[in-house]
1. For a Förster distance of 41 Å, can you work out the FRET efficiency between the beta-carbons of Asn184 and Ile290, rounded to the nearest 0.05?
2. Can you pull the one-decimal nm distance between simple spin-label points at Ala218 and Asn34, each 7 Å off the Cα toward Cβ?
3. What is the fewest-to-most order of Leu142, Leu136, Leu70 by other Cβ atoms lying within 10 Å of their Cβ?
4. Subtracting the Cα-Cα distance from 0.36 nm times the residue separation, let me have the gained length for Glu226 to Ala170 in nm, one decimal.
5. Taking the convex hull of the Cα atoms, report for the range 184-336 its projected area averaged over all directions, in nm².
6. If the chain between Lys43 and Lys245 were fully stretched, how many nm would it gain, using 0.36 nm times the residue separation less the Cα-Cα distance?
7. How many nm separate the modelled label positions at Lys78 and Thr297, each set 7 Å beyond the Cα in the direction of the Cβ?
8. Which aspartates and glutamates have a Cα lying under 18 Å from the Cα of Lys111, excluding residues fewer than 8 positions away in the same chain?
Amino acid sequence: MSGIAPTDSLAAERLEFQSAGWKQFSKRFTAQWNNFKTEELGKVFDWTQENIEYKDSIFYPFSGPDFNYLNSFFPDTKFSLMIALEAVGSIPDLSKMDDSTRLALLEAMEKSLYFNLKCSFFRTYSMKDELSAELLDGTIPLILLFLKSHGYEIVNIYPVAINDDGILQADTTGNMFAHKTHKNFDNAAAFIYRNPADSSIKELYYMSLDLSDKGIEAGNLAPFLEHYISGNTVFLKAASYLCHKPPFSKIRDLMLEHAAQIISDPSGIPYDDYDEGWDLTVHGQYVGPIRLFSSRTQDNLKAHTRREGNENLPFRFGYHYTNWCLIDAKAKTNTK
């Protein structure tokens, strides 16, 4: 699935991974991935190791299936929660597909990844269409691909749900401990994975949820969100300026009230919404939004980066084509 041939020769023969179609996909994806890793993710990792400290748990709203930047920014995190509109989907059972069907799945994945590997973020509207197809019905295959591409060993995947106390837990213990492909996912999945170098276990949860005010109210999600935001690091990247808009005031206020740290590009939390309870470090240059978001200019942020005379970030972060800006906000009190 990751473009890496299985080491088990019997599995390779059974799944016909030596087909011409798979070899072509493997060659294309490997070349694209190596270029993306060198030109983008490697720079992110090197820079963040020098400039960013973070908590053990990361809350990443409006994420899509963007494990790449999550892992490159926070490689040592133990727990991550990603929330987006894109469906969870299912685990593809390659053993039950013929060669042409597997190739069609790979081509669908390649199409969905093209923009991400080129521009560093997913486009929500195109992803909605691409992840609703019969073969590629959600984010699970893409997250699996990224996990393997980053060198992780996948221990298990199982459906989860929010319990009455606002905590994520396995929907059934049978699903949690069953190492099988066919599992019925609703709107949330747990990925348990580890680094083979040190065997440290990590947890990644992906949820398909509406984080607008209406969505939070309809699902009574405020206690759940507060639990996973409180005292943790929030990560916002290419967030479509949603938290700048009144229909997303609840998730914005929850993050500002309960997070210990917010790392964001200008499309996340508005610069002017940070009050005296926050210490702000701004990296990079802010020259304004791209034309699509021209109404979202933040004059005080522009003045801040001009006053500081910051150098530009060495990697793409957010929507701008050449000038990238990162706000690292830390809560001053220990009550969050």
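Laboratory data are not the source of any read-out in this text; all were calculated from the coordinates shown. Computed from a prediction, not measured in an experiment: that's the story for all the values here. Here the Cβ is made from the backbone with ideal geometry for all residues, glycine too, and neighbour counts use every protein chain on show.
1. 0.50
2. So the two model labels end up 4.7 nm from each other.
3. Starting with the residue having the fewest Cβ neighbours, the order is Leu70, Leu136, Leu142.
4. 18.2 nm
5. Over every viewing direction, the Cα hull of the range 184-336 projects on average to 11.8 nm².
6. 69.5 nm
7. It works out to 4.7 nm between the two label points.
8. Candidates past the 8-residue exclusion: Asp66, Glu86, Asp129, Glu130, Glu134, Asp137.
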